[in-house]
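One structure is given here, and the rest of the page talks about it.
The values are calculated or read from the model by the stated rules, or taken from the named source; none is laboratory data. Not measured: the values here are computed from a predicted model. Glycine gets a Cβ as well: all are built from the backbone with ideal geometry, and neighbour counts include every protein chain shown.
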Amino acid sequence: MRAPSEVLAAPPATSEARRLFSLSAPHAPSVHLFQTEQGHHLLVVNGSRLFDVDAEVFESLDRARLARDEASLQRQLEELGVSEAPFIDDQPVESPPVRALSLAVAQKCNLGCTYCYAQQGDFGGPARNMPLRTALDSVELLLRDVGQGERVNLSFLGGEPLFNRSVIRAATQRAQELARARGVSLTLSLTTNGTLLNAEDADFLEEHGFAVTVSLDGLQETHDRLRAFKGGQGSFARVMENVAPLLSRQRRMQVSARVTVTPRNLALRETLDAFVDMGFHSVGFSPMLSSPTGRDEMGHAELELMLEQMVACGREFERRLIAGQRYPFSNMVNAMREIHKGTHRPYPCGAGAGYFGVSASGELAACHRFVGDEEGAMGDVATGVDRTRQARWLTERHVHRQEPCRSCWARYMCSGGCHHEVIQRGRPACDYIRGWLHYCLEAYSRLSQARPDYFGLTPAAG
């Protein structure tokens with residue numbers, strides 16, 4: 001059961017989130033319709049394809065959509081020439097190769113975040129570091145069957161991974177040696193709470209071109225309330241002191257801020273502007289939907305407030321992009337890219353497919369969140385991926401097997417949501433996700449006309 005949480009620093013709700021909740025309601029699984037100042041727009045769910053339509057076509061489709069008349073919708077799509085064979089069928093992905101690993105190099109942490117999926121860093125077990133041999137075996141697994149020109153990613157997480165920096169450095173060196181020898185593109189990433197970063201880390205991370213994500217949950221007062229040391233004192237001042245050299249040095253390295261949104265830190269626009277001004281390469285927000293203790297989980301009311309704030313951030317992104325200014329709001333940047341590409345997929349991420357988490361003792365998990373959780377157990381680095389477990393996972397987690405996803409227009413954009421959150425808590429955020437996607441579709445329609453060059457498009461004549 002969700003534990004009660006006091007809503008602090010929450011801006012008042014307006015009608016914008018409720019407008020989006022209403023307009024994004026899942027009336028039909030095959031289409032979604034929306035209007036902007038630029039006209040009338042049709043999203044064909046199959047293939048995530050966007051079209052501009054005239055008012056008469058829009059009204060006809062809308063009548064069928066609101067009546068939930070799928071037969072009429074299919075006839076109209078055929079008449080418009082946009083009906084295609086399914087882009088995604090019911091078949092799960094079969095035995096995909098390993099292309100990304102996240103190593104829990106330190107299952108320990110010095111912070112006491114009550115909502116942490118890793119149960120304050122130790123994943124519910126004894127605090128421990130990953131032995132060097134396990135890390136090197138993980139690197140071998142990642143690069144074992146990779147062909148020339150392919151791309152792989154090696155990530156380091158915890159707990160707090162910098163408790164085991166010597167293993168991070170040795171594993172990085174070995175991975176780069178193997179990648180160079182095999183003609184493979186290797187990307188490296190590190191997620192840290194920032195409290196242990198030092199000048200040597202800054203040199204190392206810049207030299208090797210790491211994507212560094214720093215967990216920051218707001219400005220000082222808010223962050224210290226949510227991300228205090230286990231002794232109770234705040235961590236913000238130390239984090240910012242430690243991160244400053246990275247922010248000033250990032251050339252090959254990119255340093256981003258990730259904010260976990262709870263009922264106690266909903267002032268997102270203020271947070272975003274402050275972190276952008278500090279020099280972070282990007283800033284992103286993710287709602288806390290599943291906490292081991294139930295504390296600080298977001299409910300519908302808090303998600304409504306979050307949507308208000310996300311849209312406020314999105315509108316500032318629109319304003320600045322049109323003005324030719326950079327505004328690295330990563331949720332918006334990613335949404336614009338995915339909508340433009342027409343992204344459609346049966347899974348929300350690579351978890352249990354090409355991406356796995358590795359525990360300190362070498363067990364493979366469906367992702368970093370499933371470390372130590374039998375639900376997502378997938379073998380170990382010594383013997384490789386358990387293909388039987390993987391096949392069952394990919395069958396059960398396919399979006400066509402999820403409810404109420406099968407009847408939702410957003411299913412190939414959301415793809416059913418984070419596996420870990422859904423298994424732990426269900427789907428409390430569907431209205432929020434659809435509302436955010438609806439706004440992003442509106443924004444894309446505006447920006448693709450105002451800044452076609454941003455998307456690599458040619459401006460319309462006249």
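Based on this model, can you work out whether GLN107 counts as touching a strand residue (DSSP E or B) at 6+ places or on another chain (Cβ under 8 Å) and under 28 Å from ASP386 (Cβ atoms)?
Working: touching a strand residue (DSSP E or B) at 6+ places or on another chain (Cβ under 8 Å): yes; under 28 Å from ASP386 (Cβ atoms): yes.
Yes; evaluated as a whole, the condition is true for this residue.
Taking the residues in region 145-166 that are part of a loop (DSSP other than H, G, I, E, B) and free of Cβ contacts under 8 Å to residues at least 40 places away in the same chain as candidates, determine which candidate is nearest to LEU216 (Cα to Cα).
Here is the first cut: in region 145-166, the residues part of a loop (DSSP other than H, G, I, E, B) are 145-150, 159-160.
Cutting the leftovers down to free of Cβ contacts under 8 Å to residues at least 40 places away in the same chain gives us 147-149.
Details: GLY147: 37, GLN148: 37, GLY149: 35 Å.
Ranking the qualifying residues of region 145-166, first place goes to GLY149.
Which residue, of LEU205, LEU219, LEU266, LEU246, is closer than 22 Å to GLU304 by Cα and buried (at least 18 other Cβ atoms within 10 Å of the Cβ)?
Numbers: LEU205 fails: closer than 22 Å to GLU304 by Cα; LEU219 fails: buried (at least 18 other Cβ atoms within 10 Å of the Cβ); LEU246 fails: closer than 22 Å to GLU304 by Cα.
Exactly one residue qualifies, and that residue is LEU266.
May I ask you to list the residues in region 318-339 that are surrounded by fewer than 22 Cβ atoms within 10 Å (Cβ to Cβ) and of a type in the set (Phe, Trp, Tyr)?
Within region 318-339, just TYR327 meets the criteria.
Go through the residues of region 395-415 one by one and say whether even a single one is touching a residue at least 24 places away in the same chain (Cβ under 8 Å), assigned to a strand (DSSP E or B) and within 17 Å of GLY284 (Cβ to Cβ).
no
If you take the residues in region 315-331 that are part of a helix (DSSP H, G or I) and out of contact with any strand residue (DSSP E or B) (no Cβ under 7 Å at 6 or more places or on another chain), which one is nearest to ARG18 (Cα to Cα)? Full working, then the answer.
Of region 315-331, the ones part of a helix (DSSP H, G or I) are 315-322, 330-331.
The next check asks that each one be out of contact with any strand residue (DSSP E or B) (no Cβ under 7 Å at 6 or more places or on another chain); those that pass are 315-316, 318-322.
Numbers: ARG315: 17, GLU316: 20, GLU318: 21, ARG319: 23, ARG320: 25, LEU321: 26, ILE322: 26 Å.
Checked region 315-331; the qualifying residue nearest to ARG18 (Cα to Cα) is ARG315.
Yes or no: ARG225 assigned to a loop (DSSP other than H, G, I, E, B) and either farther than 16 Å from PRO161 by Cα or in contact (Cβ under 8 Å) with a residue 60 or more places away in the chain (or both)? Walk me through how you get there before you give the answer.
Values: assigned to a loop (DSSP other than H, G, I, E, B): no; either farther than 16 Å from PRO161 by Cα or in contact (Cβ under 8 Å) with a residue 60 or more places away in the chain (or both): yes.
It is false that ARG225 is assigned to a loop (DSSP other than H, G, I, E, B) and either farther than 16 Å from PRO161 by Cα or in contact (Cβ under 8 Å) with a residue 60 or more places away in the chain (or both).
Would you mind telling me which numbered condition in (1) buried (at least 18 other Cβ atoms within 10 Å of the Cβ); (2) among the polar types (S, T, N, Q); (3) farther than 21 Å from LEU157 by Cβ SER235 fails?
Exception for SER235: condition (3).
Kindly indicate which of ALA335, ALA351, ALA410 is in the same structural domain as MET310 (by TED's automatic domain parsing), farther than 20 Å from ARG128 by Cα and touching a His at 6+ places or on another chain (Cβ under 8 Å). Even if it seems obvious, please write down each step before you answer.
On the way: ALA335 fails: touching a His at 6+ places or on another chain (Cβ under 8 Å); ALA410 fails: in the same structural domain as MET310 (by TED's automatic domain parsing).
After applying the criteria, what remains is ALA351.
Within region 425-449, track down each residue that is free of Cβ contacts under 8 Å to residues at least 60 places away in the same chain and not in a helix (DSSP H, G or I).
GLY426, ARG427 - these are the residues of region 425-449 that are free of Cβ contacts under 8 Å to residues at least 60 places away in the same chain and not in a helix (DSSP H, G or I).
Out of SER282, SER291, which single residue is touching a Phe, Trp or Tyr at 6+ places or on another chain (Cβ under 8 Å), assigned by TED's automatic domain parsing to the domain that holds GLU160 and modelled with pLDDT under 95?
On the way: SER282 fails: modelled with pLDDT under 95.
None of the other options fit; the residue is SER291.
Please work out if LEU77 is closer than 22 Å to HIS400 by Cα, in contact with a helix residue (DSSP H, G or I) (Cβ under 7 Å, 6 or more places away or on another chain) and assigned to a helix (DSSP H, G or I). Before you say what the answer is, go through the steps one by one.
Working: closer than 22 Å to HIS400 by Cα: yes; in contact with a helix residue (DSSP H, G or I) (Cβ under 7 Å, 6 or more places away or on another chain): no; assigned to a helix (DSSP H, G or I): yes.
Considered against the rule, which asks whether it is closer than 22 Å to HIS400 by Cα, in contact with a helix residue (DSSP H, G or I) (Cβ under 7 Å, 6 or more places away or on another chain) and assigned to a helix (DSSP H, G or I), LEU77 comes out as no.
Of all residues in region 167-218, how many are assigned to a helix (DSSP H, G or I), of a type in the set (A, V, I, L, M, F, W, C) and more than 30 Å from THR262 (Cβ to Cβ)?
Initial filter on region 167-218 (assigned to a helix (DSSP H, G or I)): 167-182, 199-207.
Those left that are additionally of a type in the set (A, V, I, L, M, F, W, C): 167-168, 170-171, 175, 178-179, 181, 199, 202, 204-205.
Next, only the ones that are more than 30 Å from THR262 (Cβ to Cβ) stay: 167, 170-171, 175, 178-179, 181, 199, 204.
The number of residues fulfilling the criteria is 9.
Within region 101-119, which residues are over 21 Å from the mean Cα position of the chain (by Cα) and not in a loop (DSSP other than H, G, I, E, B)?
Those that are over 21 Å from the mean Cα position of the chain (by Cα) and not in a loop (DSSP other than H, G, I, E, B): VAL105, ALA106, GLN107, LEU111.
When you scan region 120-135, do you find a residue that is surrounded by fewer than 18 Cβ atoms within 10 Å (Cβ to Cβ) and in a helix (DSSP H, G or I), even just one?
Yes; the residues of region 120-135 include at least one that is surrounded by fewer than 18 Cβ atoms within 10 Å (Cβ to Cβ) and in a helix (DSSP H, G or I).
Within region 65-74, track down each residue that is surrounded by 14 or more Cβ atoms within 10 Å (Cβ to Cβ) and in a helix (DSSP H, G or I).
Residues of region 65-74 surrounded by 14 or more Cβ atoms within 10 Å (Cβ to Cβ): 65, 69-70, 72-74.
If the condition is that a residue be surrounded by 14 or more Cβ atoms within 10 Å (Cβ to Cβ) and in a helix (DSSP H, G or I), then ARG65, GLU70, SER72, LEU73, GLN74 are the ones that fit.
Looking only at region 340-381, filter to residues that are surrounded by fewer than 19 Cβ atoms within 10 Å (Cβ to Cβ) and of a type in the set (S, T, N, Q); which one of those is nearest to ARG49 (Cα to Cα)?
Filtering region 340-381 for residues that are surrounded by fewer than 19 Cβ atoms within 10 Å (Cβ to Cβ) and of a type in the set (S, T, N, Q), the one nearest to ARG49 (Cα to Cα) comes out as THR343.
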